[in-house]
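Encoded as structure tokens, the structure appears first; notes follow it.
The values are calculated or read from the model by the stated rules, or taken from the named source; none is laboratory data. What you see is a predicted model; the values in this text were computed from it and never measured. All Cβ positions, even for glycine, are placed from backbone atoms using ideal geometry, and neighbour counts span all protein chains on display. Protein only, heavy atoms only, side chains kept; ligands, DNA and RNA dropped before computing areas. Shrake-Rupley method; radii C 1.70, N 1.55, O 1.52, S 1.80 Å.
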Amino acid sequence: MYNFYLGNLHFPVTPSRLDIRYGNQFQRIDTAVGGELVFHKSNGLAEVSFTALLPQIRYPFAVYRAGFVRGWLLLHRLLALRDSGKPVRFVILRRSPSGRIYAPTNINTLISHINSYEDAGEGSDIFADIKLVEYREVESGGLLQ
């Protein structure tokens, strides 16, 4: 069982797919003899993407931690988090059948974008494609962590 959180917002239906891209940054230098050298600069920022079902009706398979909240209100909460421009913690708690938490994900992020859509074939529910980018604080020396 998985529980997805973005800040204090809990997603009532666990997304079926999660993509996390862990990048690297390199510097390429052309040599005088026509070759090329590559130097590792730093670890790149993680990018997270998933599609969330934001239910408009109560489903027996959904988990409502703070009671049922309609999908349109969840979407407005997501947009408010995005519009704040402040970092928001993305957390996934994975639980084994015995209830033990394993391999948690905990990334400080900014919401890159949200694409919401509705599909008449799926009823009145709202779907949101969510993209997050890792947020890192700038240290006092001006270098990133």
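Points worth noting:
- Heavy-atom accessible surface of the chain, averaged per residue, reaches 65 Å², computed with a 1.4 Å probe.
- Note on the chain: GNM, Cα springs under 10 Å; of 11, 61, 50, the largest mean-square fluctuation is that of 61.
- Gaussian network model of the chain, Cα within-10 Å springs - most flexible of 44, 71, 121: 121
- A Förster radius of 30 Å combined with the Cβ-Cβ distance from residue 17 to residue 118 puts the calculated FRET efficiency at roughly 0.95.
- All-pairs Cα distance distribution in the stretch 78-131, expressed in whole percent, bin size 10 Å: 20, 33, 31, 16
- Ranking by accessible area, most exposed first, for 82, 28, 70 with a 1.4 Å probe: 28, 70, 82
- Note on the stretch 83-145 and the stretch 1-72: Cα centroid distance 6 Å, given to the nearest whole angstrom.
- Labels on offer are [x] 13.2; [y] 8.8; [z] 10.3, and the one holding mean projected area of the Cα convex hull in nm² computed from this structure is [x].
- The chain - percent of accessible surface contributed by carbon and sulfur, probe 1.4 Å: 51 percent
- Top of 83, 30, 119 by mean-square fluctuation, Gaussian network on the chain, Cα under 10 Å: 30
- Against the chain, whose longest principal axis is taken from its Cα atoms, helix 71-84 shows a tilt of about 30°.
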